[in-house]
Structures are given as structure tokens and as C-alpha cells.
Amino acid sequence: MAKRLFVSVDLDGLEDAVASVQARFDGVSGLRLTDPEQAHVTLKFLGDTDPDRVGEIVPALETAVEDSGVEPFEVEFGGLGVFPSLSYISVVWVGVRDGQGGTGLTALHDAIEEQTVAMGFEPEDHEFTPHATVARMDHAGGKETVQNAVEHNDPDVGRLLVEEIRLKESELGPDGPTYRTVESVPL
């Protein structure tokens with residue numbers, strides 16, 4: 001049976017800070033908060049994948065890390081944003097504050113994209129914006145509250161030392177997705 005896979009940088013150690021950002025959205029109509037323990041930056045969504053392919057994905061990720069030239073680096077997370085726009089919100093996220101951390105994440109994304117597309121995975125259909133999703137909007141009930149929070153808050157989430165990327169499996173359940181690390185690839 002196919003596994004739903006993606007490649008990420010996990011926000012290990014920033015769970016409390018993510019939860020405190022989410023607290024400002026507590027009880028907002030139509031907004032579903034993500035599990036702060038599962039906060040991550042998705043570098044590449046692979047989708048439903050034959051489990052037998054994991055054996056070829058991991059070496060491709062190792063090659064991508066090597067090709068990116070990225071060594072372990074720090075990223076500062078903070079600020080709020082939404083996708084696709086403030087007038088139509090489907091996702092609320094915290095972003096990357098510093099250019100250097102964003103550059104490292106973008107270099108990793110680009111190298112992973114090149115390797116995985118060469119393997120037959122679908123190319124991204126949008127520009128990469130490094131972010132960690134903190135909530136999803138199911139309906140527009142609390143849209144104004146979210147718009148206000150995004151426009152008038154600039155929370156600090158914290159710094160993270162990125163030393164690895166992870167191949168993750170996403171299992172969809174009644175309470176939302178659960179993520180499990182399949183393999184870690186050091187930088």
C-alpha cells in the first residue's frame with residue numbers, strides 16, 4: 001500500500017513557542033490548529049509513494065544534500081503569514097526571519113526538487129516559501145480575527161540549528177495527520 005511521503009526540516013525544540021503563537025487563535029471559528037509537536041518546514045511533498053521506492057529516495061536525498069552544498073545552519077522563525085492570500089485564507093503559518101536560514105532551506109529545496117523530479121515525482125507548481133503551518137482554515141467564520149492577527153502581530157518563534165532533513169510519512173486520521181520519520185539524512 002502506498003505511503004504518503006514528504007521531506008522536511010522539523011522544528012524540534014520550538015514546540016512551546018509554536019503553541020504560544022497558536023494561542024492567539026484559540027477558539028477562532030473555522031480555524032483548525034496543527035499539532036505543535038509536528039511543526040515542520042516541508043521541503044518537498046512526494047505524495048502517495050510505493051514503499052519499495054524508499055530505498056531509492058534516501059540516496060537521492062543524500063545526493064541532494066551534497067549537491068546543495070549546505071552545511072548545518074541556523075534558522076530564525078517568526079512572523080505570521082497566510083496562503084494563498086489575506087482575502088482567501090486556507091493556511092496560517094510562521095515564516096523564516098533571516099535571509100541566511102531561508103537561503104539554506106531554499107538551496108535544500110531546490111536540490112531535493114531536482115533529484116526527485118528526475119526520479120519521476122511531480123514538480124512543484126508554486127514558488128517555495130519556507131514556512132511552518134500552524135493552522136488551517138476550514139471556513140471563513142473567523143477570517144477577520146485571523147487577518148487582524150496576521151497584520152498586527154510579529155511573534156518570535158525562535159532559532160533552530162538545522163543539522164538534518166527527514167523523509168516523513170503522513171498518515172491521515174480523524175484528528176488530522178500523524179507524522180512518522182522514515183529516515184533522517186544529515187547535512
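None of the figures in this text is laboratory data; all of them are computed from the coordinates on show. A quick note: this is a predicted structure, and the numbers were derived from the prediction, not measured. Positions of Cβ are generated from backbone atoms using ideal geometry, with glycine treated the same way; all protein chains shown enter the neighbour counts.
Data overview
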read-out	value
Residue match in segment 127-143 (condition: of a type in the set (Val, Ile, Thr) and over 25 Å from residue 34 (Cβ atoms))	no
Selection within segment 112-160 - more than 16 Å from the chain's Cα centre (by Cα) and among the polar types (S, T, N, Q)	115, 116, 145, 147, 148, 153
Which listed residue, of 66, 71, 76, 62, is in contact with a strand residue (DSSP E or B) (Cβ under 6 Å, 6 or more places away or on another chain) and over 23 Å from residue 169 (Cβ atoms)	76
Residue match in segment 55-70 (condition: of a type in the set (Gly, Ala, Ser) and either in a loop (DSSP other than H, G, I, E, B) or touching a Lys or Arg at 6+ places or on another chain (Cβ under 8 Å) (or both))	yes
Options 86, 108, 43; residue that is in a strand (DSSP E or B) and touching a helix residue (DSSP H, G or I) at 6+ places or on another chain (Cβ under 8 Å)	43
Criterion violated by residue 91 - all others in (1) part of a strand (DSSP E or B); (2) without any contact (Cβ under 8 Å) to a residue 40 or more places away in the chain; (3) farther than 24 Å from residue 185 by Cα satisfied	(2)
